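Peer 1: Once you've had a glance at the structure underneath, I'll fire off some questions.
Please treat every number below as a calculation from the coordinates, not as lab data. Bear in mind that the values here come from a model prediction, so they are computed numbers and not experimental data. All Cβ positions, glycine included, derive from the backbone under ideal geometry; neighbour counts span all protein chains shown.
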Amino acid sequence: MTVKLYGALFAATLALVTPVALAGQNALAPAAPAPAASKAPAKLIVVISVDQFSADLFAEYRRHFTGGFARLQQGAVFPSGYQSHAATETCPGHSTILTGFRPAHTGIIANNWVDLNTARQDKTVYCAEDESVPGSNSVTYTVSDKHLLVPTLGERMKAANPASRVVSVSGKDRAAVMMGGHHVDELWWWDGKHFTTYAGRTEPAVVTRANQAVAAEVATAQGPLDLPDFCAAHDVAVDLGSGKSVGTGRFARAAGDAKAFRASPEIDGAAFALAAGLIQDMKLGKGEATDIIDIGASATDYVGHTYGTEGAEMCLQLAELDKSMGDFFTVLDRLGLDYEVVLTADHGGHDIPERHRQRGLSDAARIDPGFTTKSVSDAVAAKLHLTGQLLYGDSGSGDIWIDPKLPPKTREAVLKEALAIYRANPQVAFAFSRAEIDAAPWPTLPPPLWLPVQRAKASYYAPRSGDIVVALKPNITPIADPTKGYVATHGSFWDYDRRVPILFWRKGMAGFEEPLAIETVDIMPTLAASIGLPVAAPLLDGKCRDIGLSTGTCGGR
């Protein structure tokens with residue numbers, strides 16, 4: 001069995017607009033090839049972010065792809081791209097892809113940060129919310145683009161020519177917002193029940209059809225998927241304790257289980273179907289100006305968190321994503337569009353330590369459950385004979401904030417003692433103070449050569465970042481108990497979280513592979529050059545790459 005959504009949802013979403021299929025043909029039957037290569041700028045830019053798609057996963061599976069990934073490998077392949085900063089999470093990573101800026105300049109330092117000066121009781125701020133909305137908190141929030149400090153490629157295109165349309169679709173709100181930016185024509189994300197958008201916006205008919213089709217699919221039980229032969233070696237159960245194991249899942253789910261739908265290949269099929277419907281309904285790529293659509297494929301991240309990155313579940317997920325993208329490109333070909341594609345990821349990911357240890361990685365471990373921000377805060381308070389909470393943070397690592405209400409000398413003493421405790425912890429690699437990060441040189445070398453403090457600096461925005469940034473040692477997973485929720489994660493300073501593939505494709509371009517490192521911030525100026533869009537201030541962290549998408553060249557950009 002394969003996921004039903006690919007045929008059914010694409011057909012249901014597209015059927016009532018100008019028909020995609022000729023009479024008697026299946027909507028996803030092999031299509032005529034896309035238009036011949038043109039020297040003119042492409043009429044549609046398609047940007048795909050595969051959440052938690054590490055360079056390691058790409059290298060592991062690339063020879064097995066036969067659909068969308070196979071097509072993209074015919075273009076410009078950068079197998080060692082970098083989300084070069086230390087904040088390797090969804091929101092910061094997506095903020096780099098179409099802005100050309102690292103998180104230090106986008107202002108998106110993490111998925112969540114602590115603002116002890118905010119007026120509301122909940123001091124945690126979600127990256128894509130407006131925390132000033134009365135009654136909101138970081139869990140029940142109003143989605144907003146207000147925290148993104150710089151423009152996206154779509155915004156620059158629209159500023160240069162208002163006829164350009166900007167569309168963003170994703171399984172996550174933060175991915176849709178950070179790639180779409182502040183001025184979008186359509187922006188849709190999955191909220192756990194259906195695709196939704198900002199309050200007050202009109203729902204187009206194609207979105208209504210997509211939501212109806214998805215609701216019907218969620219309401220129908222999904223049987224186990226067939227396991228491709230190349231996934232057989234991954235089909236090994238790993239015991240996590242308390243009766244929980246991973247590694248042999250097939251994405252079977254009960255009728256109505258929307259949570260399981262989200263953590264499966266089905267949600268990517270839904271996102272691509274909606275994107276195809278919006279392209280057709282809005283006639284993207286058919287107007288006088290180049291249009292852009294951003295697509296956030298979120299399932300790989302949910303699968304990685306829920307099952308780890310090296311079991312049958314991830315193998316199945318990537319095989320199904322390959323099919324879903326192939327179907328999506330088939331639709332674009334049938335529409336006769338002249339389009340160019342870039343695919344990358346917001347960050348990588350790390351497998352569960354239990355499976356790593358089975359494979360001989362002896363230093364793989366979970367974080368000590370006693371090592372939390374609160375435990376360090378309590379230890380500092382005891383040492384300095386202070387009372388109350390002194391340190392704030394979501395976990396035992398990452399950004400740590402010191403209570404700003406403390407007197408300056410007390411803050412200095414707290415900082416000194418906290419750094420000593422963090423640096424003495426056997427699971428901690430580094431702990432940097434704000435002053436140390438400020439003093440570090442801005443990175444100029446290729447990202448594999450950056451010092452750890454430079455990785456921290458690239459994602460450090462002083463008005464939001466912590467007073468201390470803590471990096472766990474490699475192969476330490478910051479999830480203490482895998483039996484109570486997610487089993488694996490990302491967010492580290494290390495290359496398994498920093499390295500991601502970057503693939504460019506346009507019909508007729510000369511394909512090549514470049515093993516040397518580039519950054520995701522290079523994508524925006526490269527795409528801008530491909531359509532002849534000058535990049536004015538604010539200037540970028542990224543560099544344009546001459547890769548042959550069109551006759552447009554990087555020039556002085």
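Peer 1: Using the Cβ atoms and a cut-off under 12 Å, what net charge is assigned to the surroundings of GLU310, where Lys and Arg are +1 and Asp and Glu are -1?
Peer 2: Net local charge, GLU310 excluded: -4.
Peer 1: Please give the charge dipole size of the chain, origin at the Cα centre, charges +1 on K and R Cβ atoms and -1 on D and E Cβ atoms. Round to the nearest 20 debye.
Peer 2: 520 debye
Peer 1: Quick one: what are the phi-derived ³J(HN,Hα) couplings along region 51-65, Karplus 6.51/-1.76/1.60 with θ = phi - 60°, whole Hz, x for glycine and proline?
Peer 2: In residue order, the calculated couplings are 4, 6, 9, 6, 4, 5, 5, 4, 5, 5, 10, 4, 6, 8, 6 Hz.
Peer 1: Round to a whole angstrom and tell me the spacing of the C-alpha centers of region 450-495 and region 296-333.
Peer 2: Rounded to whole Å, the Cα centres lie 25 Å apart.
Peer 1: Quick one: which residues, 5 or more positions from ASP351 or on another chain, have an amide H under 5 Å from its amide H? H modelled 1.01 Å from N in the peptide plane, none for Pro or chain starts.
Peer 2: Close amide H contacts, sequence-distant or interchain: THR309.
Peer 1: Moving on. Hey, fewest Cβ within 10 Å first, where do CYS554, CYS544, CYS127, CYS231 land in order?
Peer 2: CYS554, CYS231, CYS544, CYS127
Peer 1: May I ask you to evaluate 6.51 cos²θ - 1.76 cosθ + 1.60, the Karplus curve with θ = phi - 60°, for each residue of region 449-458 and list the ³J(HN,Hα) values in order in whole Hz, giving x for glycine and proline?
Peer 2: Once θ is set to phi - 60°, the couplings for region 449-458 become 9, 5, 5, x, 5, 6, 5, 5, 5, 5 Hz.
Peer 1: Can I ask one more? Note down the nm distance, to one decimal, between modelled labels 7 Å out along Cα→Cβ at ALA70 and at SER245.
Peer 2: 3.4 nm
Peer 1: Answer rounded, prolate or oblate for region 404-507, using the Cα gyration tensor with square roots of eigenvalues a ≥ b ≥ c: rounded when a/c is under 1.5, else prolate when a/b is larger than b/c, else oblate.
Peer 2: oblate
Peer 1: Tell me which lysines have Cα within less than 20 Å of LYS383's Cα, excluding those fewer than 8 residues away on the same chain?
Peer 2: LYS374, LYS405, LYS409, LYS416
Peer 1: Span-like helices, the chain: DSSP H, alpha-carbon axial extent 15 Å or more, mean Kyte-Doolittle 0.5 or greater, which ones?
Peer 2: Numbers: long enough: 205-218 (20 Å, 0.72); 265-282 (26 Å, 0.77); 312-334 (33 Å, 0.16); 373-384 (16 Å, 0.33); 408-424 (24 Å, -0.23).
Span-like helices here: 205-218, 265-282.
Peer 1: Using the 10 angstrom Cβ neighbour count as an exposure proxy, how do HIS147, HIS350 rank, fewest first?
Peer 2: On the way: HIS147 23, HIS350 28.
By the 10 Å Cβ count, ascending: HIS147, HIS350.
Peer 1: Tally Lys/Arg at +1 and Asp/Glu at -1 over every other residue whose Cβ is under 14 Å from the Cβ of GLY326; what's the total?
Peer 2: -2
Peer 1: Can you put THR520, THR124, THR90 in order, fewest other beta carbons within 10 Å first?
Peer 2: Fewest to most other Cβ atoms nearby, the residues stand as THR124, THR90, THR520.
Peer 1: Starting at 0 and stepping by 20 Å, how many percent of the alpha carbon pairs of the chain end up in each bin?
Peer 2: P(r) over the chain, rounded to whole percents: 22, 56, 21, 1, 0.
Peer 1: Oh, and also: Suppose only helical runs count, i.e. DSSP H with n ≥ 4. What mean residue ellipticity at 222 nm does that imply for the chain under -39500 (n - 2.57) per run, divided by all residues and rounded to the nearest 500 deg cm²/dmol?
Peer 2: One gets -9000 deg cm²/dmol as the mean residue ellipticity at 222 nm.
Peer 1: Still on this structure, please answer the following. Got a sec? Which residues in region 287-301 would a label at ASN161 touch, if it sits 7 Å along Cα→Cβ and we count backbone N under 17 Å?
Peer 2: Answer for this model: 287-293.
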